[in-house]
Amino acid sequence: MLRPSSSSVVLTTRPASLDDQQTVLRLMDDADRWFTTVSVDEAIGLLAGAPALLLLANSRPCGMLIADWVGDAVTWVRLLVLSGGVSTAPALNTLLPPFHDILRARGAARVYVACHEPADAWLTLALRRAGYAHDTDVIVYEKTRMSVPTQGNPAVRVRTATMGDIPAILGVDAQCFSAEWRKDDVQIGLALRETPCFLVVEDDAGVIGYAFVTTHFDRRLAHLVRIAVLPDRQRQGIGARLLYEVIAYATAIGAETITLNTQAYNRAARRLYEWFGFRRTGERQTILRCDL
């Protein structure tokens, strides 16, 4: 059977839901270009109601675009897969306008994409051509020697976080991060249940900061997912205290390497990490933004 010529292919879209689970799984298996910041299970979970569009070529599914739940008027693209040889530019030109309409209807004012370089260079270029702007770069640091220059502020208390700390942790997040970087109660609750090390730092006024760590490769690698201290308590050795406790935890479990990511513009955090012996790996993410 002859395949239709490209001129006869008509690209359309339709919203996706949990009923499309098997279609999405097939697309992820067959994709010749793919981008994702979530696991397969997380992607399927987003089909329960997060913004999601299927791309159809003459009614045949050939692509998928999924965003995270909209919060604080922002969202992130979590999955984009294309298959069947459909060209990237026509695919995005078909997907993005209705996708943006869905996001606006759900209250989003901005959408972000975190492209890992160089693996996602194809998408970075295509999105820039489609009108997405460079927002910042996220750079990767690592530490392989577990020595520390200080133990930080000894007057504050560091303890394991509990579910009861979630409101205070969210309060720290709201003051420390712009909307696109904040975590919600679901994300914090999941981290409390699943990560091996989730710490809060407090004084007599209550929780003033937190940090949490994931482990990988039989605990040989510890990844510092988040560290935050209230702005009015910074420059008091509290971030250093949290970082010391994280390194002490990594040492105790026998981790050989600690990694972390931070925004290129966060110079205060970068100075702290570099003082503690973290060095840039050369890896980075390009963060793109579209103002809706």
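When K183 is tested against (1) in a helix (DSSP H, G or I); (2) at pLDDT below 95, only condition (1) is not met. Taken across the range 193-208, residues that are within 19 Å of the chain's Cα centre (by Cα), surrounded by fewer than 16 Cβ atoms within 10 Å (Cβ to Cβ) and assigned to a helix (DSSP H, G or I) do occur, with at least one present. Just to be sure, is T150 surrounded by fewer than 17 Cβ atoms within 10 Å (Cβ to Cβ) and under 20 Å from I253 (Cα atoms)? Criteria not met by T150. Hey, any hits in the range 229-237 for a residue that's free of Cβ contacts under 8 Å to residues at least 24 places away in the same chain, over 18 Å from V140 (Cα atoms) and not hydrophobic (A, V, I, L, M, F, W, C)? Scanning the range 229-237, I find at least one residue that is free of Cβ contacts under 8 Å to residues at least 24 places away in the same chain, over 18 Å from V140 (Cα atoms) and not hydrophobic (A, V, I, L, M, F, W, C), so the answer is yes.
Per-residue answers, yes or no, for (1) surrounded by 19 or more Cβ atoms within 10 Å (Cβ to Cβ); (2) at pLDDT 95 or above; (3) in contact with a Pro (Cβ under 7 Å, 6 or more places away or on another chain); (4) among the β-branched types (V, I, T):
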{"position": "G237", "(1), (2), (3), (4)": "no, yes, no, no"}
{"position": "R241", "(1), (2), (3), (4)": "yes, yes, no, no"}
{"position": "I247", "(1), (2), (3), (4)": "yes, yes, no, yes"}
{"position": "A250", "(1), (2), (3), (4)": "yes, yes, no, no"}
{"position": "A255", "(1), (2), (3), (4)": "yes, yes, no, no"}
{"position": "I258", "(1), (2), (3), (4)": "yes, yes, no, yes"}
{"position": "N261", "(1), (2), (3), (4)": "no, yes, no, no"}
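The values are calculated or read from the model by the stated rules, or taken from the named source; none is laboratory data. Every value quoted in this text rests on a predicted model; they were computed, and no experiment measured them. We place every Cβ from the backbone using ideal geometry, glycine too, and count neighbours over all the protein chains shown.
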